[in-house]
Amino acid sequence: MRQQFVFKSSKLDDLNNQLIFFFEAIYFQSLTADVAWNDNFIHYKLKPIYDKCTKLRTLLKAVHSNFVLSSSNNKLKVYNAALNSSNIEAICNTTINSLNKKDLSQNVGNAIHDLYKYMYYQLPQTKIFKSIYGELIDHYKALKNATRIKMCPFCGLEPIKPLKSKVKQTYDHYLALSEYPFHGICTKNYVPTCRTCNEDYKHSKDSHYLNPQRTIRRKLFYPYGTYNYQVTLNLLNISLDNTNLKINNCNVSVNCSDSTLQNEVNSWIDIYEINTRYKNIIEDDSDNWYVEFFDFLTLKVNDGTYVSTPLTYNDYLDSLSVQESTNNSFLKKSYFENIRPLTTVFN
Ligand SMILES: [Zn+2]
């Protein structure tokens with residue numbers, strides 16, 4: 001990914017701890033002969049919502065009733081998955097594994113998925129939830145304020161909602177809720193992401209594994225990690241139209257300044273189809289970028305003709321650097337740097 005957010009603690013973090021409490025309670029009950037529902041499974045902080053919200057009560061009880069009927073191996077998996085649910089960083093760097101819904105008995109997996117889905121999508125819209133946790137948009141604003149990221153952190157191509165927007169940017173569940181439900185309400189798994197990345201490219205792709213058999217793990221960038229790297233683009237096999245400096249065809253290769261992050265970079269490129277998306281834009285827009293460059297170097301005078309300004313190619317590239325994250329500047333910059341050796345125009 002291109003940028004990471006700074007994690008901001010919020011009241012919402014608590015909600016996941018309350019579910020961990022619930023899973024611990026039902027797991028420890030399962031070590032006894034008792035199988036009855038008990039309101040003491042509910043953390044005192046979740047109690048006000050639990051008391052008011054019939055749907056939540058139903059879903060929690062459905063998890064419990066399916067859980068008590070499942071195998072002890074299944075129960076242990078659920079317990080460990082709940083304990084690991086907020087450790088997104090260790091999952092991203094493959095130190096620990098996350099539990100896929102498919103690795104549980106179907107009834108338990110579905111009941112748990114339904115619970116988290118409800119708690120993420122519907123519960124925040126209830127009055128009781130809002131009275132305790134506020135609006136989700138406040139969570140987004142705190143994140144946005146802390147990091148000042150303006151563009152989608154994955155593609156860098158689309159802006160994310162400004163600080164004063166009345167609607168929040170859509171969050172991607174970095175580990176997909178449909179596959180890895182235990183991270184469904186973990187705030188470290190929420191990443192403000194553009195719709196194109198989220199819905200058209202990542203969707204519910206299994207970011208955990210390289211292969212459909214789910215045997216080879218892959219490293220992922222942790223969206224709240226503190227890395228220090230820059231990505232640059234190399235354009236290879238360029239077919240350039242010399243009349244308007246349009247790139248008709250090229251291949252894009254992403255370089256990361258920190259080679260120890262190559263696995264994370266590869267996962268990012270693969271999941272979000274980064275190279276193809278950048279290539280498509282470069283091939284579509286590069287002739288316009290050359291026109292913009294020409295406009296930068298010339299000035300229209302009163303009689304309608306153009307005169308040269310003292311500005312140079314390097315001035316233009318500098319002007320792109322200062323606006324690195326907006327207006328596809330990083331793509332333009334790599335376009336100019338990569339075609340410079342192929343033409344005499346910039347000499
Ligand atoms: Zn994006």
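Structural remarks
- Single unsatisfied condition, D13 versus (1) farther than 21 Å from H173 by Cα; (2) touching a Ser or Thr at 6+ places or on another chain (Cβ under 8 Å); (3) not hydrophobic (A, V, I, L, M, F, W, C): (1)
- Filter pass, S325 being surrounded by 13 or more Cβ atoms within 10 Å (Cβ to Cβ), small (G, A, S), assigned to a loop (DSSP other than H, G, I, E, B) and at pLDDT below 90: yes
- Index of the failed condition, F221 passing every other in (1) within 16 Å of the ligand (Cβ to nearest atom); (2) farther than 18 Å from C92 by Cα; (3) touching a Cys at 6+ places or on another chain (Cβ under 8 Å): (2)
- The single residue among Q169, Q106 that is polar (S, T, N, Q) and touching a Pro at 6+ places or on another chain (Cβ under 7 Å) turns out to be Q169.
- Residue that is modelled with pLDDT under 95 and in contact with a helix residue (DSSP H, G or I) (Cβ under 8 Å, 6 or more places away or on another chain), where the choices are S10, S30: S10
- Pairs with Cβ under 6 Å, 6+ apart, first in the stretch 109-133 and under 25 Å from N80 (Cα atoms), second small (G, A, S): A111/A62; Y116/G184; Y120/G184
- Matching residues, the stretch 177-200, being assigned to a loop (DSSP other than H, G, I, E, B) and more than 16 Å from the ligand (Cβ to nearest atom): L177, S178, E179, Y180, G184, I185, C186
- Subset of the stretch 174-225 that is small (G, A, S) and modelled with pLDDT under 95 - its residue that is surrounded by the fewest Cβ atoms within 10 Å (Cβ to Cβ): S204
- Filter result for P162 (in contact with a helix residue (DSSP H, G or I) (Cβ under 9 Å, 6 or more places away or on another chain), farther than 22 Å from N110 by Cα and without any contact (Cβ under 8 Å) to a residue 24 or more places away in the chain): yes
- Close pairs from the stretch 184-200: first farther than 12 Å from F5 by Cα, partner surrounded by fewer than 24 Cβ atoms within 10 Å (Cβ to Cβ) and small (G, A, S), Cβ under 6 Å, at least 6 apart: C186/S86
- Options T187, T226, T243: the member that is among the β-branched types (V, I, T) and in contact with a Phe, Trp or Tyr (Cβ under 9 Å, 6 or more places away or on another chain): T187
- Set L56, L15: member being part of a helix (DSSP H, G or I), within 30 Å of Y201 (Cβ to Cβ) and in contact (Cβ under 8 Å) with a residue 60 or more places away in the chain: L15
- Exactly one residue out of Y116, Y133, Y171, Y120 is under 16 Å from I185 (Cα atoms) and within 16 Å of the ligand (Cβ to nearest atom): that is Y171.
- If the condition is being of a type in the set (D, E, K, R) and out of contact with any strand residue (DSSP E or B) (no Cβ under 6 Å at 6 or more places or on another chain), then the stretch 259-299 contributes E264, D270, E273, R277, D284, D285, E292, D295.
- Which listed residue, of W268, W289, is within 16 Å of the ligand (Cβ to nearest atom), of a type in the set (F, W, Y) and outside any strand (DSSP E or B): W268
The values are calculated or read from the model by the stated rules, or taken from the named source; none is laboratory data. Since this is a predicted model, take the numbers as computed values, not measurements. Positions of Cβ are generated from backbone atoms using ideal geometry, with glycine treated the same way; all protein chains shown enter the neighbour counts.
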